[in-house]
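K.L.:
Structure provided below as structure tokens; questions to follow.
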Amino acid sequence: MSNAEQRALGGLMLSCASASELALGTRPVGWYNSLVRLGINAPLFLVHDLGAALLGTVTHFEPRKDLATETMLGLGEPAKTQLFAAYTAILGEISQTEASQQLRKSAVDDAVLTTLLARALASVNDRWRGARFETIPLNADALSQAVARLGAAWVSTDRRVERDYLSHLIAHRVHLLLAIEQIDLDTLELLRMFGRDVGVLPETELVDLLTVFSSPESNDIVNFSLDILPSVLETKRGGGQQVFAVDGYSGVVPNGSLDSLVLTEMAYDDELFEQRFLDNEMLYYSHEAQTRPALRSYQILVDASASMRGARTVFARGLAIALAKRMSLLGYETAVRFFDSRLYEPMRVRRPGRTGGPLHISGALTFKGEHGRNYARVFSQFASEMDRMRERQSVTAYVITHAECHIPVELVRRIRENAEMYCVFMLPSRGSLELDYIPFLTQHEVVTESALRDKSERATRAISIVEAASAGVRRDSMLPRPSKAAS
């Protein structure tokens, strides 16, 4: 092992949540590495214990029985007992916080937990002037071997750095506990609704998550989203299965178990076989025929220009999150995109039963437009994308913007040749909707200034838009073309 690995993994001897170190697997190593990259300096054993306390995987904390600290930490027995008594008391307090109790209700992804640890340790880290810790490889075998030979890894280096950090943490106990108590539970609940991630988020997205927990505007969007999401989550997608009681197969389907693989799939060479498997293009025999949604994607475009500040931003992003969740529950590919003077990359939503990450919810909450507005450029880019997608799948676009979103009529007509287009317009306090491309839209909704100001009416209006969007879903039909009269 490298010096960094010996330092980090050997330090697990100081863990007071030792019963869970293998149960948590390599997750604490991932938290530790992400924190180090974010500039949060803390030893691995501490990250492990704090994570276990927040998750509630351990409720009783105590030092290891075989912990010999007299020579390695430079402490006598009384000082050692006092140090670890204070440390285990802190872990016990953390495990009883409201944030910990909420985290126990459901599994959270590592990105969320890393964010909570970063917030908790930020004030402690700012006051630390000791040695810096380094990232280590994320390797399950190395972790298992290190735990099996923990004593050897422990004595491989001087452990007074860990002792000093532990003393530093205890001295700043109040800062640590206050940071945890200030975690916004509503934000945690919203993140829980969007499920677990299946991978490791890059540090750029972790920074977005940190911003979510500290931004008042993000908190407003979170609260509004929680007002409307319970209605959205009532959606259930029927299986529509037809079970055949006789022997034999009902047909060929694009997914299934390997023992029902169509034998001709084995004729492909190894590279093409693996690529088809990864792209879900393999064919399988099936005893059951299941009704599936038509191949359709939903693009939710959210105006992020300067005209969408305040209540408009809260409504637009809350509505976008709710629409994305509803359409993903119905089984469709969904993406949220922002635009101002340009159209930004999509934040995709995972469909149930499919691989891939969930909606980059932190990005949807914290995105800030940095440019002016140029709707002709934005929708020209979008029209070009629709031209490229027309042969592969049907597209429905929802545009959430304000009453001054002037799009050239020819661009709207071009988009409508390849996609359905719904618009949600937010009116100013005094004004009306006077846009010349309205007749060419599939449908549009108008949200008044009074509806935006009233909390109850705002939620009711958003739910009605989501319900109307759901009612308009036509699973089995191809994308309708605009009539000649509309053209």
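K.L.:
Where the second residue is at pLDDT below 95 and the first is more than 13 Å from TYR87 (Cα to Cα) and lies in region 168-179, which pairs have Cβ atoms under 7 Å and are six or more apart or on separate chains?
P.N.:
Short answer, once both residue conditions are applied: HIS175/SER123; HIS175/VAL124; ALA179/ARG119; ALA179/ALA120; ALA179/ALA122; ALA179/SER123.
K.L.:
How many of the residues making up region 5-44 are buried (at least 22 other Cβ atoms within 10 Å of the Cβ), hydrophobic (A, V, I, L, M, F, W, C), under 26 Å from the mean Cα position of the chain (by Cα) and assigned to a helix (DSSP H, G or I)?
P.N.:
Residues flagged as buried (at least 22 other Cβ atoms within 10 Å of the Cβ), hydrophobic (A, V, I, L, M, F, W, C), under 26 Å from the mean Cα position of the chain (by Cα) and assigned to a helix (DSSP H, G or I) within region 5-44 amount to 4.
K.L.:
Can you name the residue in region 45-78 that is modelled with pLDDT under 70 and not in a loop (DSSP other than H, G, I, E, B) and, of all such residues, is surrounded by the fewest Cβ atoms within 10 Å (Cβ to Cβ)?
P.N.:
Ranking the qualifying residues of region 45-78, first place goes to THR71.
K.L.:
Would you confirm, using the coordinates I've provided, whether GLU288 is acidic (Asp, Glu), modelled with pLDDT under 80 and touching a strand residue (DSSP E or B) at 6+ places or on another chain (Cβ under 6 Å)?
P.N.:
Yes, satisfied.
K.L.:
Just to be sure I understand, how many residues within region 365-384 are among the hydroxyl-bearing types (Ser, Thr, Tyr) and either within 26 Å of the chain's Cα centre (by Cα) or outside the structural domain of LEU301 (by TED's automatic domain parsing) (or both)?
P.N.:
Number satisfying all stated conditions: 1.
K.L.:
Then there's this: Look through region 155-176, keep the residues that are under 36 Å from the mean Cα position of the chain (by Cα) and among the aliphatic types (A, V, I, L, M), and return whichever of them is surrounded by the fewest Cβ atoms within 10 Å (Cβ to Cβ).
P.N.:
Ranking the qualifying residues of region 155-176, first place goes to VAL174.
K.L.:
Regarding GLU345, is this residue under 29 Å from GLY310 (Cα atoms), modelled with pLDDT of 85 or more and either exposed (fewer than 14 other Cβ atoms within 10 Å of the Cβ) or not assigned by TED's automatic domain parsing to the domain that holds VAL409 (or both)?
P.N.:
Yes.
K.L.:
Would you mind finding the one in SER156, SER144 that is in a helix (DSSP H, G or I), over 14 Å from LEU46 (Cβ atoms), out of contact with any His (no Cβ under 8 Å at 6 or more places or on another chain) and polar (S, T, N, Q)?
P.N.:
SER144
K.L.:
Sort through MET266, MET193 and tell me the only one that's exposed (fewer than 12 other Cβ atoms within 10 Å of the Cβ) and either modelled with pLDDT of 75 or more or under 26 Å from LYS455 (Cα atoms) (or both).
P.N.:
MET266
K.L.:
For region 111-124, how many residues are more than 14 Å from ASP184 (Cβ to Cβ) and surrounded by 20 or more Cβ atoms within 10 Å (Cβ to Cβ)?
P.N.:
7
K.L.:
Right, something else. Please go through region 321-340 and give me each residue that is under 27 Å from HIS371 (Cβ atoms) and not in a strand (DSSP E or B), ordered by number.
P.N.:
ILE321, ALA322, LEU323, ALA324, ASP340 - these are the residues of region 321-340 that are under 27 Å from HIS371 (Cβ atoms) and not in a strand (DSSP E or B).
K.L.:
What number goes with the only condition from (1) in contact with a Leu (Cβ under 9 Å, 6 or more places away or on another chain); (2) without any contact (Cβ under 8 Å) to a residue 24 or more places away in the chain that VAL378 does not pass?
P.N.:
The number of the failed condition is (2).
K.L.:
Does HIS406 count as in contact with a Cys (Cβ under 7 Å, 6 or more places away or on another chain) and on the phi < 0 side of the Ramachandran plot?
P.N.:
No.
K.L.:
May I pose another question? Restricted to region 291-313, and to residues that are loosely packed, with under 15 Cβ neighbours inside 10 Å and closer than 16 Å to VAL447 by Cα, which residue is modelled with the highest pLDDT?
P.N.:
Looking at residues that are loosely packed, with under 15 Cβ neighbours inside 10 Å and closer than 16 Å to VAL447 by Cα, I get GLY310.
The values are calculated or read from the model by the stated rules, or taken from the named source; none is laboratory data. Computed from a predicted model, the values in this text were never measured in an experiment. With ideal geometry, Cβ positions are generated from the backbone for all residues, glycine too; neighbour counts draw on all protein chains shown.
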